[in-house]
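Enquirer: Dropping the structure in here first, questions after.
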2 protein chains.
Amino acid sequence: MLREEILRSAEALLVETGTEDALTLRAVAARVAVTTPSVYRHFADKDALVEAVCLRVWDELGARMSESAAAVEDPWRALGRCGRVYAHFALDYPIQYRLLMMRPTAGRLPTASTACFGYVVDAVTACTNSGILRGDPEILTVGLWSALHGLVSLLITQPDFPWPDDLDALIEHTVRMAGFGSALACRLPRDNNANSAEFAAELDTLADRLTIVKP
Amino acid sequence: MLREEILRSAEALLVETGTEDALTLRAVAARVAVTTPSVYRHFADKDALVEAVCLRVWDELGARMSESAAAVEDPWRALGRCGRVYAHFALDYPIQYRLLMMRPTAGRLPTASTACFGYVVDAVTACTNSGILRGDPEILTVGLWSALHGLVSLLITQPDFPWPDDLDALIEHTVRMAGFGSALACRLPRDNNANSAEFAAELDTLADRLTIVKP
DNA sequence: TGTACATCAGTGAACGCGCGTTCACTGATGTAC
DNA sequence: TGTACATCAGTGAACGCGCGTTCACTGATGTAC
């Protein structure tokens, strides 16, 4: 029960201060109105506390993604929804996201994070099964994940950058870029010698003929 | 002269220890074989030191990108080279990259980092001028940047993830995904009601006709 | 050429701080007889 | 029903540590007369 309170306070501290530096045992304990050593009754040490905080965040993210993906029939659309949910989750909980994805080192949280990754791999596999994507689902997933993670982590860590006003449009653009790019890249040969003007002209005529489903 | 030595030692410390936590005034001073307060003769405080270290890294990255982009005629290929150079720079200097791009807060380094961003915007603008890309170059740049930054920052911060062996292939896939995706996304309507099976079939027939230049 | 002086990079000792962690303890709770 | 006891969450005080930073200082260097 106190354990729950400690975890909630730790998250609240992150949110209120906006930095993980504020996540100290002393601050957490003070916030629960308890002495510092009490925390050790519930967590082996500071790392254990941080790990527990992360676990909750992963769980929440995983729940949102699988829930959102399950709500749509078409695998291509479902994949797009995964991406949007992911981005919005990150922007809704920037410090937690930072804690999850940008901490210095290694060897942690294999189960929870790979579960999340697994959801996306499943969504991608559904797309390779349906024929819209081709190739190794894991590599495709890494590409998609990179695009979305890159966008939100830039937004989070570079708040002073002159971002456009409409963040949703930026997310939308990134989702479309990643989706269309994956679908096209897996269909094109890796090397050739045409020039970019020819490519542009061909893409133009092709785009006219396409009837697209929004990813 | 000592200032130079301090900066070089700071970078060496980062590289050797693999973590920015090791970048303390005491450690830097000790490495130059000088007492700690001496550092204050050359840097106002610790932040100033860190900022100076970052500046050098930005300069190096900017030099590499503009140099590499200038070496190619075709704007589309030049853009692709920018992406590859960026990714390889990050993987060559992972801790420095982390220092540049993943530090908690704000209000820093406007000139150097926006110079780098500017190089890419220029490369993208060349592509919109040539017709291979369309739309706001800054938004296009953010998308491309997101994909590459996402990939390398995942590789750097999640070393324990079961990455595929061939990292170059992963970079290649991401560059292609981002490039093709940008080119296709800017040509397709944002909303429509076709389903993904139709989309897949059309992409297939269209891909057969395409003669592509590698981005 | 020789002396007096200003400059300033580097020194050595110390400061206060917040941190994670430890230790022996207290005091309420629930169970066994 | 009443007493003795074990359990264990939470306490209070203290530890050692490394950090950024400060201060008055020293001693070599170069310049002015």
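The values are calculated or read from the model by the stated rules, or taken from the named source; none is laboratory data. Keep in mind the model is a prediction, meaning the values are calculated, not measured. As a convention, Cβ positions derive from the backbone with ideal geometry for all residues, glycine included, and neighbour counts pool all protein chains shown.
Enquirer: Just give me the residues in segment B:22-38 being closer than 23 Å to B:Tyr93 by Cβ and either in contact with a Leu (Cβ under 8 Å, 6 or more places away or on another chain) or at pLDDT below 95 (or both), in sequence order.
Expert: Within segment B:22-38, B:Ala22, B:Leu23, B:Leu25, B:Ala27, B:Val28, B:Arg31, B:Val32 qualify.
Enquirer: Return the pairs, sorted by first residue and then second, in which the second residue is within 16 Å of DNA strand D (Cβ to nearest atom), the first residue lies in segment A:10-27 and is farther than 19 Å from A:Glu51 by Cβ, the beta carbons are less than 9 Å apart, and the residues are 6+ apart or on different chains.
Expert: From residues that are farther than 19 Å from A:Glu51 by Cβ, the pairs are A:Thr17/A:Ala27; A:Gly18/B:Pro104; A:Gly18/B:Thr105.
Enquirer: Moving on. Consider B:Arg84 carefully, then state whether it is among the basic types (Lys, Arg) and more than 28 Å from the chain's Cα centre (by Cα).
Expert: No, not satisfied.
Enquirer: Further question: State the number of residues belonging to segment A:149-159 that are in a helix (DSSP H, G or I) and more than 7 Å from every other protein chain (Cβ to nearest Cβ).
Expert: 3
Enquirer: Is it fair to say B:Ser68 is surrounded by 16 or more Cβ atoms within 10 Å (Cβ to Cβ), away from DNA strand D (no atom under 15 Å from the Cβ), without any contact (Cβ under 8 Å) to a residue 24 or more places away in the chain and among the small types (Gly, Ala, Ser)?
Expert: In short, yes.
Enquirer: Condition (residue is among the β-branched types (Val, Ile, Thr), more than 16 Å from DNA strand C (Cβ to nearest atom) and assigned to a loop (DSSP other than H, G, I, E, B)) applied to segment A:60-75: is it met by at least one residue?
Expert: Within segment A:60-75, one or more residues are among the β-branched types (Val, Ile, Thr), more than 16 Å from DNA strand C (Cβ to nearest atom) and assigned to a loop (DSSP other than H, G, I, E, B).
Enquirer: Among the residues of segment B:16-27, how many are more than 8 Å from DNA strand D (Cβ to nearest atom) and among the aliphatic types (A, V, I, L, M)?
Expert: Matching residues across segment B:16-27 total 0.
Enquirer: Out of the residues in segment A:22-51 meeting the condition of being charged (D, E, K, R) and within 8 Å of DNA strand C (Cβ to nearest atom), tell me which one is surrounded by the most Cβ atoms within 10 Å (Cβ to Cβ).
Expert: So the residue we want is A:Lys46.
Enquirer: For B:Ala90, work out the one condition from (1) surrounded by fewer than 16 Cβ atoms within 10 Å (Cβ to Cβ); (2) within 13 Å of chain A (Cβ to nearest Cβ) it doesn't fulfil.
Expert: (1)
Enquirer: Out of the residues in segment B:1-21 that are within 22 Å of B:Thr157 (Cβ to Cβ) and surrounded by 17 or more Cβ atoms within 10 Å (Cβ to Cβ), state the one that is farthest from DNA strand C (Cβ to nearest atom).
Expert: B:Leu14
Enquirer: Within segment B:107-114, is even one residue touching a Pro at 6+ places or on another chain (Cβ under 6 Å), away from DNA strand D (no atom under 16 Å from the Cβ), part of a helix (DSSP H, G or I) and of a type in the set (Gly, Ala, Ser)?
Expert: Among the residues of segment B:107-114, not one is touching a Pro at 6+ places or on another chain (Cβ under 6 Å), away from DNA strand D (no atom under 16 Å from the Cβ), part of a helix (DSSP H, G or I) and of a type in the set (Gly, Ala, Ser), which makes the answer no.
Enquirer: Could you grab me the full set of residues in segment A:16-57 that are touching a Lys or Arg at 6+ places or on another chain (Cβ under 6 Å) and not in a helix (DSSP H, G or I)?
Expert: Scanning segment A:16-57 gives a single hit, A:His42.
Enquirer: Report, ordered by the first and then the second residue, all pairs with beta carbons closer than 7 Å, sequence separation of six or more or different chains, a first member in segment B:86-106 that is of a type outside the set (A, V, I, L, M, F, W, C), and a second member that is surrounded by fewer than 16 Cβ atoms within 10 Å (Cβ to Cβ).
Expert: Close Cβ pairs satisfying both conditions: B:Pro104/A:Thr19.
Enquirer: What are the residues in segment A:129-187 that are of a type in the set (D, E, K, R) and either farther than 27 Å from A:Glu73 by Cβ or at pLDDT below 95 (or both), if any?
Expert: A:Asp160, A:Asp165, A:Asp166, A:Arg187
Enquirer: While we're on this one: Could you list, in sequence order, the residues of segment B:29-65 that are basic (Lys, Arg) and more than 16 Å from DNA strand D (Cβ to nearest atom)?
Expert: B:Arg56, B:Arg64
Enquirer: Would you mention how many residues in segment B:1-15 are within 14 Å of DNA strand D (Cβ to nearest atom) and part of a helix (DSSP H, G or I)?
Expert: Number satisfying all stated conditions: 6.
Enquirer: Could you please find all residues in segment B:160-188 being over 24 Å from B:Leu133 (Cβ atoms) and either at the interface with chain A (Cβ under 7 Å from one of its Cβ atoms) or crowded, with 24+ Cβ neighbours inside 10 Å (or both)?
Expert: Hits for segment B:160-188 are B:Asp160, B:Pro164.
Enquirer: On the basis of being within 7 Å of chain A (Cβ to nearest Cβ), out of contact with any strand residue (DSSP E or B) (no Cβ under 9 Å at 6 or more places or on another chain) and crowded, with 18+ Cβ neighbours inside 10 Å, does B:Gly143 make the cut?
Expert: So B:Gly143 fits the description; yes.
Enquirer: Same structure again: Picking from B:Leu7, B:Leu100, B:Leu61, B:Leu14, which residue would you name as being touching an Asp or Glu at 6+ places or on another chain (Cβ under 9 Å) and not β-branched (Val, Ile, Thr)?
Expert: It is B:Leu14.
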